[in-house]
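Report on one structure; see the data block that follows.
The values are calculated or read from the model by the stated rules, or taken from the named source; none is laboratory data. Model, not experiment: these values are computed from the prediction. Counting neighbours? That spans all protein chains shown, and the Cβs are built from the backbone with ideal geometry, glycine included. SASA here: full protein model, heavy atoms, side chains in, ligands and nucleic acids out. Shrake-Rupley method; radii C 1.70, N 1.55, O 1.52, S 1.80 Å.
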Amino acid sequence: MRTTRPLLRCGLTLAAAAAFPAWLAGPSAALTGISVSTIGTTVSVVTSACTQNNGSWGNASLLNSGQTAFAQGRQVALAGTTVSQSAAWSGVSPGTYTVVVVCSNGGTAGTQSVIVSGTTAAPPTTSSSTTTKSAAPSRGVMGGLGGAARDYGPLTLGIGAALVGSGVIATGWYLRKRSKPYRL
(Lines give C-alpha, C1' and ligand atoms only; values in the text may rest on other atoms or scores of the structure.)
Protein backbone atom coordinates (compact mmCIF):
# COMPACT_ATOMS: atom_id res chain seq x y z
CA MET A 1 0.00 0.00 0.00
CA ARG A 2 2.93 2.31 0.70
CA THR A 3 4.17 2.24 -2.89
CA THR A 4 0.88 2.00 -4.75
CA ARG A 5 -0.37 5.51 -3.89
CA PRO A 6 2.81 7.33 -4.99
CA LEU A 7 2.94 5.18 -8.13
CA LEU A 8 -0.72 5.94 -8.86
CA ARG A 9 -0.13 9.68 -8.40
CA CYS A 10 2.99 9.56 -10.56
CA GLY A 11 1.12 7.65 -13.28
CA LEU A 12 -1.73 10.17 -13.28
CA THR A 13 0.74 13.05 -13.38
CA LEU A 14 2.59 11.51 -16.32
CA ALA A 15 -0.68 10.90 -18.17
CA ALA A 16 -1.70 14.52 -17.67
CA ALA A 17 1.75 15.75 -18.75
CA ALA A 18 1.55 13.60 -21.88
CA ALA A 19 -1.94 14.82 -22.78
CA PHE A 20 -1.28 18.53 -22.16
CA PRO A 21 0.91 19.25 -25.25
CA ALA A 22 -1.54 17.38 -27.48
CA TRP A 23 -4.42 19.41 -26.07
CA LEU A 24 -2.41 22.63 -26.37
CA ALA A 25 -1.63 21.94 -30.03
CA GLY A 26 -5.35 21.81 -30.83
CA PRO A 27 -6.95 19.96 -33.71
CA SER A 28 -4.55 19.16 -36.49
CA ALA A 29 -5.21 18.32 -40.09
CA ALA A 30 -3.77 15.18 -41.59
CA LEU A 31 0.00 15.13 -41.82
CA THR A 32 0.89 17.10 -44.88
CA GLY A 33 4.05 18.18 -46.57
CA ILE A 34 6.08 17.94 -49.68
CA SER A 35 8.90 15.75 -50.90
CA VAL A 36 11.46 17.33 -53.21
CA SER A 37 14.06 15.44 -55.24
CA THR A 38 16.64 16.23 -57.90
CA ILE A 39 18.04 14.16 -60.73
CA GLY A 40 20.67 16.01 -62.70
CA THR A 41 19.14 19.35 -63.68
CA THR A 42 15.55 18.27 -63.03
CA VAL A 43 13.78 19.18 -59.77
CA SER A 44 10.52 17.44 -58.88
CA VAL A 45 8.07 17.81 -56.01
CA VAL A 46 5.40 15.40 -54.76
CA THR A 47 2.63 16.08 -52.25
CA SER A 48 -0.62 14.56 -51.12
CA ALA A 49 -1.87 17.64 -49.28
CA CYS A 50 -3.91 19.34 -52.02
CA THR A 51 -7.48 18.76 -53.08
CA GLN A 52 -8.89 19.56 -56.49
CA ASN A 53 -10.81 22.83 -56.69
CA ASN A 54 -12.36 24.06 -59.98
CA GLY A 55 -10.27 21.58 -61.97
CA SER A 56 -6.96 22.67 -60.42
CA TRP A 57 -4.80 21.05 -57.74
CA GLY A 58 -2.65 24.15 -57.21
CA ASN A 59 0.77 25.43 -58.23
CA ALA A 60 4.39 24.85 -57.27
CA SER A 61 7.07 27.52 -57.50
CA LEU A 62 10.86 27.14 -57.73
CA LEU A 63 12.59 30.13 -56.11
CA ASN A 64 16.28 30.87 -56.44
CA SER A 65 18.27 32.42 -53.58
CA GLY A 66 17.42 35.99 -54.65
CA GLN A 67 13.65 35.45 -54.81
CA THR A 68 11.38 35.67 -51.77
CA ALA A 69 7.79 35.62 -53.06
CA PHE A 70 5.90 32.71 -54.62
CA ALA A 71 5.04 34.79 -57.70
CA GLN A 72 8.72 35.51 -58.42
CA GLY A 73 9.65 31.84 -58.97
CA ARG A 74 9.21 29.48 -61.90
CA GLN A 75 5.62 28.30 -61.47
CA VAL A 76 4.26 24.94 -62.60
CA ALA A 77 0.71 23.63 -62.17
CA LEU A 78 0.33 20.50 -60.05
CA ALA A 79 -0.94 17.38 -61.81
CA GLY A 80 -2.03 14.08 -60.34
CA THR A 81 -4.78 12.28 -58.50
CA THR A 82 -6.44 12.50 -55.09
CA VAL A 83 -3.61 10.35 -53.70
CA SER A 84 -0.60 12.25 -55.07
CA GLN A 85 0.09 15.49 -56.92
CA SER A 86 3.39 16.42 -58.53
CA ALA A 87 5.26 19.04 -60.55
CA ALA A 88 8.70 19.17 -62.16
CA TRP A 89 11.16 21.72 -63.56
CA SER A 90 13.83 20.72 -66.08
CA GLY A 91 16.97 22.55 -67.15
CA VAL A 92 17.57 24.01 -63.68
CA SER A 93 21.04 25.53 -63.32
CA PRO A 94 23.22 24.51 -60.35
CA GLY A 95 22.51 26.29 -57.07
CA THR A 96 20.31 26.32 -53.98
CA TYR A 97 16.57 26.66 -54.50
CA THR A 98 13.39 26.73 -52.44
CA VAL A 99 10.31 24.82 -53.60
CA VAL A 100 6.93 26.13 -52.41
CA VAL A 101 3.63 24.34 -53.07
CA VAL A 102 0.35 26.27 -52.80
CA CYS A 103 -2.89 24.30 -53.14
CA SER A 104 -5.87 25.58 -55.13
CA ASN A 105 -7.66 26.50 -51.88
CA GLY A 106 -4.85 28.99 -51.11
CA GLY A 107 -3.16 26.95 -48.35
CA THR A 108 0.55 26.20 -48.46
CA ALA A 109 1.27 22.46 -48.59
CA GLY A 110 4.91 22.96 -47.71
CA THR A 111 8.25 24.60 -48.36
CA GLN A 112 11.59 22.84 -48.77
CA SER A 113 15.10 23.81 -49.86
CA VAL A 114 17.03 21.77 -52.40
CA ILE A 115 20.53 21.87 -53.90
CA VAL A 116 20.92 21.26 -57.63
CA SER A 117 24.40 20.08 -58.55
CA GLY A 118 23.75 19.99 -62.28
CA THR A 119 25.44 16.66 -62.90
CA THR A 120 23.89 13.25 -63.13
CA ALA A 121 25.79 10.70 -61.09
CA ALA A 122 26.43 7.62 -63.20
CA PRO A 123 26.17 4.21 -61.56
CA PRO A 124 29.51 2.54 -60.81
CA THR A 125 30.92 0.58 -63.71
CA THR A 126 33.19 -2.41 -63.32
CA SER A 127 35.54 -4.05 -65.71
CA SER A 128 38.15 -6.72 -65.31
CA SER A 129 40.90 -4.29 -64.28
CA THR A 130 39.38 -1.03 -62.94
CA THR A 131 36.42 0.22 -60.95
CA THR A 132 34.98 3.71 -61.44
CA LYS A 133 32.83 5.24 -58.71
CA SER A 134 30.26 7.97 -59.18
CA ALA A 135 31.08 11.51 -58.10
CA ALA A 136 30.11 12.60 -54.58
CA PRO A 137 27.63 15.44 -54.10
CA SER A 138 29.40 18.79 -54.19
CA ARG A 139 27.65 20.51 -51.26
CA GLY A 140 26.61 17.69 -48.93
CA VAL A 141 23.29 17.02 -47.27
CA MET A 142 20.82 19.64 -46.16
CA GLY A 143 19.93 18.90 -42.54
CA GLY A 144 17.58 20.66 -40.22
CA LEU A 145 15.09 20.43 -37.42
CA GLY A 146 12.22 18.05 -38.11
CA GLY A 147 13.68 16.14 -41.03
CA ALA A 148 14.29 17.05 -44.60
CA ALA A 149 11.59 15.07 -46.34
CA ARG A 150 8.42 15.67 -44.38
CA ASP A 151 6.73 18.53 -42.58
CA TYR A 152 5.24 17.20 -39.32
CA GLY A 153 2.26 18.96 -37.77
CA PRO A 154 2.06 20.47 -34.30
CA LEU A 155 0.16 17.47 -32.92
CA THR A 156 2.95 15.05 -33.80
CA LEU A 157 5.63 17.35 -32.41
CA GLY A 158 3.58 17.90 -29.23
CA ILE A 159 3.18 14.17 -28.64
CA GLY A 160 6.90 13.64 -29.20
CA ALA A 161 7.75 16.42 -26.76
CA ALA A 162 5.36 14.90 -24.19
CA LEU A 163 7.02 11.51 -24.51
CA VAL A 164 10.48 12.99 -24.07
CA GLY A 165 9.31 15.11 -21.12
CA SER A 166 7.63 12.18 -19.39
CA GLY A 167 10.81 10.14 -19.84
CA VAL A 168 12.86 12.89 -18.21
CA ILE A 169 10.40 13.17 -15.32
CA ALA A 170 10.31 9.40 -14.80
CA THR A 171 14.11 9.21 -14.84
CA GLY A 172 14.37 12.02 -12.29
CA TRP A 173 11.76 10.37 -10.07
CA TYR A 174 13.56 7.03 -10.25
CA LEU A 175 16.98 8.55 -9.46
CA ARG A 176 15.50 10.53 -6.57
CA LYS A 177 13.99 7.39 -5.08
CA ARG A 178 17.29 5.52 -5.48
CA SER A 179 19.32 8.25 -3.73
CA LYS A 180 17.28 8.11 -0.47
CA PRO A 181 18.55 5.76 2.24
CA TYR A 182 16.44 2.69 2.89
CA ARG A 183 13.77 3.34 5.55
CA LEU A 184 11.17 1.09 7.10
Considering only residues that are of a type in the set (Val, Ile, Thr) and either exposed (fewer than 13 other Cβ atoms within 10 Å of the Cβ) or within 15 Å of residue 109 (Cα to Cα) (or both), which ones fall in region 49-95? 51, 68, 76, 81, 82, 83
Consider residue 1 against the criteria (1) at pLDDT below 90; (2) open to solvent by 30 Å² or more (accessible area, probe 1.4 Å); (3) in contact with a Gly (Cβ under 9 Å, 6 or more places away or on another chain): it satisfies all of them except one. Which criterion is unmet? (3)
Sole exception among (1) open to solvent by less than 60 Å² (accessible area, probe 1.4 Å); (2) modelled with pLDDT under 55; (3) out of contact with any Phe, Trp or Tyr (no Cβ under 7 Å at 6 or more places or on another chain); (4) not acidic (Asp, Glu) for residue 117, by number: (2)
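Would you call residue 74 closer than 14 Å to residue 99 by Cβ and either out of contact with any Lys or Arg (no Cβ under 8 Å at 6 or more places or on another chain) or modelled with pLDDT under 90 (or both)? Spell out the reasoning first.
Values: closer than 14 Å to residue 99 by Cβ: yes; either out of contact with any Lys or Arg (no Cβ under 8 Å at 6 or more places or on another chain) or modelled with pLDDT under 90 (or both): yes.
Taking the combined requirement at face value, the residue satisfies it.
Only one of 86, 61 is within 25 Å of residue 153 (Cβ to Cβ), touching a Phe, Trp or Tyr at 6+ places or on another chain (Cβ under 6 Å), modelled with pLDDT of 90 or more and small (Gly, Ala, Ser). Can you tell me which?
Details: 86 fails: touching a Phe, Trp or Tyr at 6+ places or on another chain (Cβ under 6 Å).
Matching residue, one of 86, 61: 61.
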